[in-house]
Amino acid sequence: DVERARLLHQHGLGESQCTSALVKHINAPVDVVWSLVRRFDEPQRYKPFVRRCVMREGGLEVGSIREIEVASGLPATSSVEQLESLDDNEHIVGFRKLDGDHRLQNYSSILTLHEDVIDERPGTTVVESFVVNVPDGNSEEETCYFVEHLIKCNLRSLANVCEQLPSQ
Ligand code: A8S
């Protein structure tokens, strides 16, 4: 399963791009976590920096496009994103940033869920990886650090939401 996860999170890396992956354990069954992350049309259910999300095209089919209004305090106001993969059996979801007022050009990410059991309780390991261009004037290290920080906030919030759902 570790090898499978490694393959799923392999991104092709171009020149002046950076990539990284984050892992988070959640004390909730895979189905509960999946019910949140599969909703491409409702990222605000767990992403704290999303103020509003409007669908521009489609819904939950691959190719659907959403526009996000970013919360204040970040060096961005909007992001237009396209669903690139959604696999309800394998628990894989991926999207790409197409446009918007932000500095993360060519950003794409893949999130996968993996069943695990801790202290005999069903849990989920989330792996999220990304690739993005390094913006002019920033180093690879700064870019990675910035994106990793945002993803860590998203995954922490995802854990909080899942672990507090009534089914838990
Ligand atoms: C996600 C992940 C990221 C989102 C980034 C990294 C972004 O939507 C935010 C702030 C920015 O400054 C850049 O899964 C951008 O959403 C929250 C607008 C792209």
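Some observations on this one:
- If the condition is being more than 11 Å from the chain's Cα centre (by Cα) and aliphatic (A, V, I, L, M), then segment 37-51 contributes only 50.
- Scanning segment 10-62 for residues that are aliphatic (A, V, I, L, M) and in contact with a Pro (Cβ under 6 Å, 6 or more places away or on another chain) yields a count of 1.
- Once segment 28-82 is narrowed to residues that are touching an Asp or Glu at 6+ places or on another chain (Cβ under 6 Å) and of a type in the set (Val, Ile, Thr), the residue that is farthest from residue 107 (Cα to Cα) is 30.
- Residue in segment 25-46 that is within 24 Å of residue 141 (Cα to Cα) and either of a type in the set (Phe, Trp, Tyr) or at pLDDT below 95 (or both) present: no
- Residue among 15, 61 that alone is exposed (fewer than 15 other Cβ atoms within 10 Å of the Cβ), charged (D, E, K, R) and modelled with pLDDT under 95: 15
- Test result for residue 63, within 11 Å of the ligand (Cβ to nearest atom) and at positive phi: no
- Here the strands (runs of 3 or more DSSP E) wholly within segment 18-113 that include at least 1 residues being touching a residue at least 24 places away in the same chain (Cβ under 8 Å), in contact with a helix residue (DSSP H, G or I) (Cβ under 7 Å, 6 or more places away or on another chain) and among the β-branched types (Val, Ile, Thr) are 65-70, 92-99.
- Every condition in (1) at negative phi; (2) within 15 Å of the ligand (Cβ to nearest atom); (3) surrounded by 14 or more Cβ atoms within 10 Å (Cβ to Cβ) is met by residue 75 except one, and the failing one is (3).
- Hits in segment 104-133 (condition: buried (at least 17 other Cβ atoms within 10 Å of the Cβ) and in contact with a Pro (Cβ under 8 Å, 6 or more places away or on another chain)): 104, 123, 124
- Pairs where the first residue, in segment 132-158, is over 21 Å from residue 99 (Cα atoms) and the second is in a helix (DSSP H, G or I) and within 11 Å of the ligand (Cβ to nearest atom), C-beta under 9 Å, 6+ apart: 158/37
- Count of segment 82-115 residues, restricted to those that are within 14 Å of the ligand (Cβ to nearest atom) and over 18 Å from residue 21 (Cβ atoms), is 9.
- Filtered residues of segment 127-147 (kept if within 12 Å of the ligand (Cβ to nearest atom), in a strand (DSSP E or B) and among the β-branched types (Val, Ile, Thr)): 131, 132
The values are calculated or read from the model by the stated rules, or taken from the named source; none is laboratory data. Bear in mind the structure is a predicted one, so any value in this text is a computation, not a measurement. Ideal geometry is used to build each Cβ from the backbone, glycine not excepted, and the neighbour counts take in all protein chains shown.
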